[in-house]
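Remarks on the structure that follows.
The values are calculated or read from the model by the stated rules, or taken from the named source; none is laboratory data. Just so you know, these numbers come straight off a predicted model, no measurement behind them. Ideal geometry is used to build each Cβ from the backbone, glycine not excepted, and the neighbour counts take in all protein chains shown. Surface areas here come from the heavy atoms of the whole protein model, side chains and all, with no ligands, DNA or RNA. Shrake-Rupley method; radii C 1.70, N 1.55, O 1.52, S 1.80 Å.
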Amino acid sequence: MAKRISNESHVKDVLSHIINKNKLEPGLNQVSVIEAWKNLMGNGVNNYTHSVSLRRGTLFVELTSSVLREELSYGKQKIIDMLNEELGKVIIKKLILKVY
């Protein structure tokens, strides 16, 4: 039988319990990372971004411009730090930029 949470619990506690019990955190992290990429990189980079995905702490970004890929590769660690700061926790450990 499922454990019942008391009626006096905070919404934050209930939601974190549901997320942990149903193992939803990786999916939520995926959505959060995509939104953080869009917000931080702006329209200039987003116009050349084909896809963004997160797997096991590695962020895979497919770009349509090899010139942009080369330019972003010089600041990989800075991009990782900015994204993790935006997310509020360390989710991204490695960044791989590919040309689509």
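Of all residues in the range 50-69, which are among the basic types (Lys, Arg) and either in contact with a strand residue (DSSP E or B) (Cβ under 7 Å, 6 or more places away or on another chain) or surrounded by 13 or more Cβ atoms within 10 Å (Cβ to Cβ) (or both)?
In the first step, residues of the range 50-69 are kept if they are among the basic types (Lys, Arg); the result is 55-56, 69.
Result: 69, single match.
Inside the range 62-100, can you point out the residues that are under 12 Å from residue 36 (Cβ atoms) and among the β-branched types (Val, Ile, Thr)?
The answer is 79, 80, 91, 92.
Check 72, 95 and return the single one that is surrounded by 14 or more Cβ atoms within 10 Å (Cβ to Cβ) and in contact with a Lys or Arg (Cβ under 7 Å, 6 or more places away or on another chain). Reasoning before the result, please.
Values: 72 fails: in contact with a Lys or Arg (Cβ under 7 Å, 6 or more places away or on another chain).
Selected residue: 95, the only one of 72, 95 that is surrounded by 14 or more Cβ atoms within 10 Å (Cβ to Cβ) and in contact with a Lys or Arg (Cβ under 7 Å, 6 or more places away or on another chain).
Mind checking which pairs have a first residue in the range 75-100 that is closer than 18 Å to residue 48 by Cβ and a second that is open to solvent by 80 Å² or more (accessible area, probe 1.4 Å) and not basic (Lys, Arg), Cβ under 7 Å, 6 or more apart or different chains?
Once the first residue is closer than 18 Å to residue 48 by Cβ and sits in the range 75-100, its partners that are open to solvent by 80 Å² or more (accessible area, probe 1.4 Å) and not basic (Lys, Arg) give 100/50.
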